[in-house]
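One structure is given here, and the rest of the page talks about it.
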Amino acid sequence: MQPKQHIFFIGMMGTGKTTIGKKLAKQIQYPWVDTDQQIEKNWNCSIAEYFEKYGELAFRQAETETLYQLVEQAPASVITTGGGIVLRPENRTYMKQHGQVIHLTAHPDELIRRLEDNQSRPLLRGDLKNKVRQLAREREPLYKFADVTINTTYKTPTHIVEEINHYLIKS
Ligand code: S3P
């Protein structure tokens, strides 16, 4: 593994970025930080409240600023991100310049199953199935800049972390 680089996790909501990122960080003894969690800390409200108060456009700006903040303040860390961080080209370039980018995927039906009981994501309110399918279609090309893509469907977190570790050791 290249020394002292951040490891970014990107991917659609429900792909397990937080669970896997946290588990990997523990294993490789890196700090773990998360853009959504940092936004919640910085603005002292939940992501859902943030969207309600300020809207998506402001959220995207907060997301970019938070990404920069975490990259600059933290030593080499595992940085998990919100699914929409790839919408801004500058975020994609920035992550690529500051570390390795790991893209987690899962079949849309699996994402829908995982997200069904969760009300915390403002962009999925209403018609969950269609929204997940549409976002997955729209965003697929934006995740392609990643260094590696790992499909998480039918895999346990332990198996996924093992796969990522193999990749990191070789790179
Ligand atoms: C979003 C994903 C969420 C969160 C916000 C918007 C998106 O993060 O940042 O609700 O646009 O895909 P997770 O991917 O961690 O659910």
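FYI, it's all coordinate maths here, none of it is from the lab. It should be emphasised that the depicted structure is a prediction, and the values quoted were computed from it without experimental measurement. Here the Cβ positions follow ideal geometry from the backbone for every residue, glycine too, while neighbour counts run over all protein chains shown.
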Report summary line: Here D for the range 71-171, in µm²/s, from Stokes-Einstein with a Kirkwood Rh over Cα pairs at 20 °C and 1.002 mPa s, works out to 141 µm²/s
Report task. Let me know the charge dipole size of the chain about its Cα centre in debye, to the nearest 20, where only the beta-carbon of Lys, Arg (+1) and Asp, Glu (-1) is charged. Result -> 320 debye
Requested in this report: Just rank Ser120, Ser46, Ser77, fewest to most, by other beta-carbon atoms within 10 angstrom.
Outcome: Ser120, Ser46, Ser77
Query raised in the report: Among Ile47, Thr15, Thr149, whose Cα lies farthest out toward the positive end of the dipole of the chain, if unit charges sit on the beta carbon of Lys, Arg (+1) and Asp, Glu (-1)?
Result: Thr149
Query raised in the report: Long-range amide H contacts for His6: which residues qualify at under 5 Å (H placed 1.01 Å from N, peptide plane, sequence gap of 5 or more or a different chain)?
Result: Ser77, Gln100
Query raised in the report: If amide H atoms are built 1.01 Å from N in the plane of the peptide, which residues on other chains or at least 5 residues away come under 5 Å of the amide H of Thr80?
Result: Phe9, Val33, Asp34, Thr35
Report task. Grab the DSSP H runs of the chain that are 4 residues or longer, score each as -39,500 (n - 2.57), total them, divide by all residues and round the 222 nm result to the nearest 500 deg cm²/dmol. Result -> -17000 deg cm²/dmol
Query raised in the report: Lysine pairs, Cα distance under 24 Å, 8 or more residues apart or cross-chain: how many in the range 1-118?
Result: 15
**Report entry** Long-range HN-HN contacts of Thr105 with modeled amide H, under 5 Å
**Finding:** Ile150, Asn151, Thr152
Report summary line: Sparse-neighbourhood loop hits (trypsin sites (Lys or Arg not before Pro), the range 55-130; DSSP loop; Cβ within 10 Å at most 14 others) -> Arg125
Query raised in the report: What residue among Asp127, Asp36, Asp147 shows peak mean-square fluctuation when the chain is described by a Gaussian network model with Cα springs under 10 Å?
Result: Asp127
Report task. Starting from the Cα of Leu87, step 7 Å along the direction of its Cβ; do the same at Leu57; then give the gap between the two resulting points in nm. Result -> 1.2 nm
Query raised in the report: What do you get when you divide the Cα radius of gyration of the chain by 2.2 N^0.38 Å, with N the number of residues?
Result: 0.98
Query raised in the report: If you project the alpha carbons of the range 93-146 onto their three principal axes, what span does each projection cover, largest first, in Å?
Result: 37, 20, 16
